[in-house]
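The values are calculated or read from the model by the stated rules, or taken from the named source; none is laboratory data. Since the model is a prediction, treat every value here as computed from it, not as a measurement. Quick reminder, even Gly has a Cβ in these numbers, built from the backbone with ideal geometry, and neighbours come from all protein chains shown. The protein model used for the area step is the full one, side chains on, heavy atoms only, and it has no ligands, DNA or RNA in it. Shrake-Rupley method; radii C 1.70, N 1.55, O 1.52, S 1.80 Å.
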Amino acid sequence: MPRQSNEALALRARAQHLFLRSRHGHCQSDARVVAGHWTKPEKKKMPAKRIPTSETQEALTAAELEPMTPTEEKKEDNNGKTELKKELGLVEGIAIILGIIIGSGIFISPKGVLKETGSVGMSLVVWVLCGFLSMIGALCYAELGTSIPKSGGDYAYINTAFGSLPSFLFLWVANLIFVPTTNAIMGLTFAKYVIQPFFPECELPNSAVRLLAALAICFLTFINCWNVRLTTRLQNCFMVTKVGALCIVILAGLVTICMGNTQNFENSFEGTKTDPGSIAVSFYSGIFSYAGWNYLNFMTEELKNPFVNLPRAIYISLPLVTLVYVLANVGYLAVLTPTEMLASDAIAVTMADKLFPYCSWIMPILVAVSAFGGLSVHIMTSSRLCFVGARQGHFPDCLALINYKCNTPTPSLFFLGCFSLLYLCTTDIYSLIEYSSFVESLFILISIAGLLFMRWQRPNMIRPIRVNLLIPCAFFLICGFLVFLPLYVRPWEVGMGILITVSGIPAYFLFVYPQNKPALIRKLLDILTVGTQQLFLSVQGDN
């Protein structure tokens, strides 16, 4: 191999110098490179403890990284900045909310709600109440999103209201439990509906379901790494498929009712369970179908005119989704008996097989594309949570880097993609739903508590949207009911969720809070940061 020139050696030394300047300890300054070698920096006294700052430390700029890469391609003109661009308008915001909410949940959760409520009538009541709960929650998040216009959603709100440790615990649990779990659920749903037509009378092979779900997660992670605008355009296309699938369900149900087939709605409340814990668990399945109404808040910094477009997108999306979901459940129950619904793992396909036996293959395709689109937008929004947490200093700096050509948080996307693949070890979707919904509901409760706390502690805070105080109070009480009542009904799922949450406390005090970390940890983080930049062509954002 040809020898490297002195200029190349000096450039590589400069790259190492910039990245090995850790924000922890004495390596932050006074280090010099002489003829490609390090000189030992003087030690400085530093405070024993610190609260993480809001910015990551100095990283290579795009101009310094570019000569180190084997390609001669130049970065496109981005006004000289490497940052997440404001490319989302009102239409894209609505498409993101609808894209996440109308994903896989409405095609699988009706079974879980019916199972826990015990009757047709009570299941419909739960669906209406879940929609109402989502709407009042969305009103609260409209106030939070406009008064704290930062990306990261709940993470930014909890950090502003209660400080570093609670927000770190949210970040810890989000990236360990409900973000990758939701990705896995959507991937598995997509895979099951794709494979279902090939095994009409047989049990689906778990290995094939997992493999197809893994391929979907990997492909969509790559697309999100490549181009944000392409991802948002795909959402607009997926919306047509989502609405088309639900329109088929709704119209089929209404036609069946008009033909006089209403026997499934007779004595509709017979067999209703009265156990409060079971009712609370039934809400988990319903809430999972509505999950995503707060995910646009994760991308506030990429939204054009967020003070106007954020609340408008929420106000338009939630009533529309509630109406469509209730009508879709009426459609299911008009065609299928409760026994048929409980026996089916793919309710929409079972319904199509019963009504349209010769063209029932269309429904699995529509549902699969719907789940595929929901997975795509969930990967996009949730990666911003990981990115913002790393930028705040709560996760390794390498996750706060941006690909300098595509302007996407590629390291965060890759990290969450790998974690989502781990949750494919099980194909039991309903256990995953209960496992993730409890933890997510817990931190939504904490976010609303933060809203109430800031109303009291910071009355003069600028709030472009200020909802009536009764709304967050009512939402807080309902969330408390959903969080604490299932403790004795699902002790295993709830206990594991609490255990993983509490495990973040020692992680915080070992890896985040202290400034002078052990030399071995600093060295490993430095190696990880340099390797991440070189692997993903990523740099620190200009903002």
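Could you list, bin by bin from short to long, the percent of Cα-Cα pairs of the range 452-501 in 5 Å steps? Pair shares across the bins are 4, 16, 18, 16, 12, 12, 12, 8, 2.
Probe radius 1.4 Å, ligands and nucleic acids ignored: give me the carbon and sulfur share of the accessible area of the range 196-310 as a rounded percent.
Its accessible area is 65 percent carbon and sulfur atoms.
Subtracting the Cα-Cα distance of LEU323 and LEU499 from 0.36 nm times their residue separation leaves 59.6 nm of extension gain. Tell me, what is the 1.4 Å probe accessible area of ARG229, in Å² to the nearest 10? Estimated to the nearest 10 Å², ARG229 gives 120 Å². Look at the Cα gyration tensor of the range 111-221: its axes a ≥ b ≥ c give a/c of at least 1.5 with a/b at or below b/c, and that counts as oblate. Which FRET efficiency value, to the nearest 0.05, is calculated for THR272 and ILE362 with the Förster distance at 35 angstrom and r the Cβ-Cβ distance? So the FRET efficiency works out to roughly 0.50.
Here the extension length gained between PHE307 and ARG229 equals 25.9 nm, from 0.36 nm per residue of separation less the Cα-Cα distance. Ranked by the mean number of other Cβ atoms within 10 Å per residue, highest first, peptides 216-223, 90-97, 463-470, 379-386 order as 379-386, 90-97, 216-223, 463-470. For PHE453 and PHE222, the difference between the fully extended length at 0.36 nm per residue and the C-alpha to C-alpha distance is 79.1 nm.
Spatially, the range 232-278 and the range 369-391 are offset by 27 Å when compared through their Cα centroids. Placing a pseudo-label 7 Å from each Cα along the Cα-to-Cβ vector at ASN206 and PHE484 gives an inter-label distance of 3.8 nm. Of the cross-linked pairs LYS111/LYS192; LYS115/LYS354; LYS192/LYS273; LYS86/LYS150; LYS115/LYS192; LYS150/LYS523, those separated by over 24 Å at the C-alpha level are LYS192/LYS273; LYS150/LYS523.
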